[in-house]
Structure formats: C-alpha cells, structure tokens
1. Select from region 151-169 the residues that are exposed (fewer than 14 other Cβ atoms within 10 Å of the Cβ) and part of a helix (DSSP H, G or I) and list them in ascending order.
2. Of the residues in region 290-313, how many are in contact (Cβ under 8 Å) with a residue 24 or more places away in the chain and under 15 Å from Leu277 (Cβ atoms)?
3. How many residues does region 221-247 contain that are assigned to a loop (DSSP other than H, G, I, E, B) and free of Cβ contacts under 8 Å to residues at least 40 places away in the same chain?
4. Hey, could you check region 97-127 for residues that are part of a helix (DSSP H, G or I) and of a type in the set (A, V, I, L, M) and say which is surrounded by the most Cβ atoms within 10 Å (Cβ to Cβ)?
5. Of the numbered conditions (1) among the small types (Gly, Ala, Ser); (2) more than 32 Å from the chain's Cα centre (by Cα); (3) more than 17 Å from Asn91 (Cβ to Cβ); (4) not in a strand (DSSP E or B), Gly24 satisfies every one except a single condition; which is it?
6. Please name all residue pairs, on different chains or six or more residues apart, with Cβ atoms under 9 Å, provided the first residue is in region 121-142 and is under 15 Å from Ile196 (Cβ atoms) and the second residue is part of a helix (DSSP H, G or I) and among the aromatic types (Phe, Trp, Tyr).
7. Can you pull out every residue in region 84-111 that is among the charged types (D, E, K, R) and either at pLDDT 90 or above or more than 14 Å from Gly50 (Cβ to Cβ) (or both)?
Amino acid sequence: MKVTTIGLDIAKRVFQVHGVDDQGVVALRRRLQRDEVAPFFANLPACKIGMEACGGSHYWARRLATLGHTVRLIAPQFVKPYVKSNKNDANDAEAICESVSRPSMRFVPAKSVEQQDIQCLHRVRSRLVSARTQLANQVRGLLAEYGIVLPQQIHQLRRGLPLILEEDNELTPFTRRLLASLYDELVEFDQKLASIEEQVRAAHRASESSQRIAEVEGIGPLTATALVSALSDGKAFQNGRQFAAWLGLVPRQHSSGGKPRLLGISKRGDAYLRTLLIHGARSVVYRAAAKADQRSRWIADKQLRLGTSKACVAVANKNARIVWALIARNESYQRAL
C-alpha cells in the first residue's frame, strides 16, 4: 500500500506520523524520535507531507523538501477543527493529514535560511526595543517616587538622567548609584539597537526586492526587509488581497441570513508586520493633506470620511497589496501623479 499523504506532528524530541494512501485509507502510523525522522523519510517514496506552522517547522520543511517530498505548512487554527475527540500526538497527526488533503486549504509559505536570518534580526530588535521601553518606564517610576518627573520620550530620559544625578535633590548616594547603573544599561541597549539597525540597513542594500518595495510611501528599510523575509516570491498568495488578509488588515465578518456585518480588522497573522505597515501608513496620512497627487487625495478623502485611524489601516492595506504586486510580478513602483 503506497503512502501518498502524511500528517507529521512535530515536537522537540517526539514526532508522530500518520499516512494514508490515494483512497484515504490509513496506511501508516508511527512514532519517531528526532534522530529517526530524516532517515525514515529518506527511505520513503516521495509524497505530500503536512505540518503545522510552528517552532522548527520551517527547518523540517527545508529538510524534507531536499529528500524529494512536497511539504505544506498549515496554520494551527486551520488544523484544530479536524482533531477528533481528545488531543494527543496521534490525533494531531491524523488531523494534519486530513487538513492537508483539503483542496481549499490555505498554506503558509516555507522560509529559506536567508529569510529566517532576517526574521531573527527583526525579532531580536523587537525584544531590545521592548526591553528598553520597560527600562525607561521603570526609571521614570523610580524618579517619580522622589518627586522628579521626566517627559515620556526616550531621548528626554537619555538626556535628563545624567543631569538629575548631578543635581541637588532628594536622591541618596545609594539611589544615585542604582540609577547610574540603569543609565549604563540604557546606553548598552542603544548601542545594541544601533548595531542591529545597521545590519538591517545592510540587508536592505543587499536585497533588490527590498529596495524596490521601499519606494512605496510609508515603507522604509525596516518594513521592507521584514516584508521580504515573510513574503518570499509572493507565489504563496493568489493576489494582494490574500496577502493583506494574511496580515490581518481586512475586516472581520459576522454575517448571517444574507445580512453582511463587517467588524474591525481581523488582526490575524504577524502582528509585527502589521504594526510596521500601520505605523508607516500613519506618517503617509499625516502628510497627505499637503499634497495634491491622486494617492494623497484618496487618503485625504478616507481620513475625512472614516477618521485618521481607519485611514491609516486603509493605507496599510493598500501598501500590502502593492508590495505583493511588486514582488510577485517583479515590477517597479510607479508613483501616482
């Protein structure tokens, strides 16, 4: 009995395999240790393998693809409806096998090593920015207990804290030493972030696709490299709307009885990419009033009718569609007149 479709439930050490033939009859059930996975699939005839898009899935997608198999990654929320009865590794593998065989199933594009390198860079930067914000908030909170209040901007803290440590105030020598160490930590965060951002700019200069999509208003090197690392060649999406929906930039629906009801944006997909696009769109919206080109007039109309926040989301949605077209069709951006 030839196995044609396999559901593979991956973990750190234990992997569960569930395979069926071309008639959907179960032909394989097996539990593997991590070091047994590659040899097992190397001796298996080429077939379609489904996996949940989770930690380590992109590595295994590349590894199994080199062995001649067709690998499909599925978002976990699309697998869950196919899980029968209780959740365990065997049932999860069976659910993956069932979902990957559905003709209308949506798949997650597998990332190359280069894409994961850029994504790692962005993830580290995001963590450093969050940690620096936490540090700044803690320093402001500590200073407020001594009657010293600083503005919220990070540059105000960076400039004002050394002056506060030199001034005559209620800070004790113990607290001054503590705050001085926190200032040194803040400087260290700034240095690390500067190094990360220089690597992002270098990756942007080395990528022709990244430079092309950075021509779009509201997209800079940071957003461009993040989009290239996520989108690849764009062939995983049929059109720009699918890509925008994948990013969670389209309305949620709760329609029934033929009565359409649209809610706020779905916020599915990568929150980091969505945040970058919306922040970039916000800068475009704020500058649209001073321009007279077709795109700026469209933005101004959206802002007048819907408000600034919704106009920013609309511009982010449009930018996502434009980016997909530029990458999938290998085109250059033409600015509106």
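The values are calculated or read from the model by the stated rules, or taken from the named source; none is laboratory data. The model shown is predicted, which means the values in this text are computed figures rather than measured ones. Cβ atoms come from the backbone with ideal geometry, glycine included; neighbour counts cover every protein chain shown.
1. Correct list: His155, Gln156, Arg159, Pro162, Leu163, Glu166.
2. Within region 290-313, residues that are in contact (Cβ under 8 Å) with a residue 24 or more places away in the chain and under 15 Å from Leu277 (Cβ atoms) number 3.
3. 1
4. If we take residues in region 97-127 being part of a helix (DSSP H, G or I) and of a type in the set (A, V, I, L, M), then Val100 is surrounded by the most Cβ atoms within 10 Å (Cβ to Cβ).
5. Single failed check for Gly24: (3).
6. His122/Tyr272; Arg123/Tyr272; Ser126/Tyr272; Leu128/Phe189; Val129/Phe189; Ala131/Phe189; Arg132/Phe189
7. Lys84, Lys87, Asp89, Asp92, Glu94, Glu98, Arg102, Lys111
Here's the yes/no breakdown for (1) in a helix (DSSP H, G or I); (2) charged (D, E, K, R):
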residue	(1), (2)
Val129	yes, no
Gln138	yes, no
Leu171	no, no
Val187	yes, no
Gln191	yes, no
Ile196	yes, no
Arg205	yes, yes
